[in-house]
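Participant: Dropping the structure in here first, questions after.
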Amino acid sequence: MQRGHMAGNQAVSTDMGVGLSVLFTLIALAGAGVTFVTPGTETAAWGFAAAIIAGILAVSANHVYSN
């Protein structure tokens, strides 16, 4: 093994897109749960809005961080 050897031209892959997609999917599920638990209220509307926005961000994160 060489000491002090730096990988200057190696590609680095991350799972940032997958991680963010999972995070936003969990937020979307929480928002859908709020909508289900409090039907017909303003809180349900905010839960639905959060679910829709988080779902869009989950799909977008996967596309933005894909190689």
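The values are calculated or read from the model by the stated rules, or taken from the named source; none is laboratory data. As the structure is a computational prediction, the values presented were derived from the model and not from experiment. Positions of Cβ are generated from backbone atoms using ideal geometry, with glycine treated the same way; all protein chains shown enter the neighbour counts.
Participant: Looking at (1) under 17 Å from the mean Cα position of the chain (by Cα); (2) modelled with pLDDT of 95 or more; (3) loosely packed, with under 11 Cβ neighbours inside 10 Å, which is the only condition Thr14 fails?
Facilitator: (2)
Participant: Then there is this: Tally time: how many residues in segment 30-45 are part of a helix (DSSP H, G or I), β-branched (Val, Ile, Thr) and surrounded by 14 or more Cβ atoms within 10 Å (Cβ to Cβ)?
Facilitator: Narrowing segment 30-45 to residues part of a helix (DSSP H, G or I): 30-37, 42-45.
After this cut, where a residue has to be β-branched (Val, Ile, Thr) as well, the list is 34-35, 37, 43.
Filter once more, so that each one left must be surrounded by 14 or more Cβ atoms within 10 Å (Cβ to Cβ): 34-35.
The qualifying residues number 2.
Participant: Next up: Just one of (1) at pLDDT below 95; (2) hydrophobic (A, V, I, L, M, F, W, C); (3) surrounded by fewer than 17 Cβ atoms within 10 Å (Cβ to Cβ) trips up Phe48, so point out which.
Facilitator: (1)
Participant: Right, another one. State which residue pairs qualify: first residue in contact (Cβ under 8 Å) with a residue 12 or more places away in the chain and inside segment 28-51, second residue of a type in the set (Ser, Thr, Tyr) and assigned to a helix (DSSP H, G or I) in any location, beta carbons under 8 Å apart, and separation of 6 or more residues or different chains.
Facilitator: Note: pairs meeting the criteria are Val34/Thr43; Gly47/Thr35; Phe48/Thr35; Ala51/Thr35.
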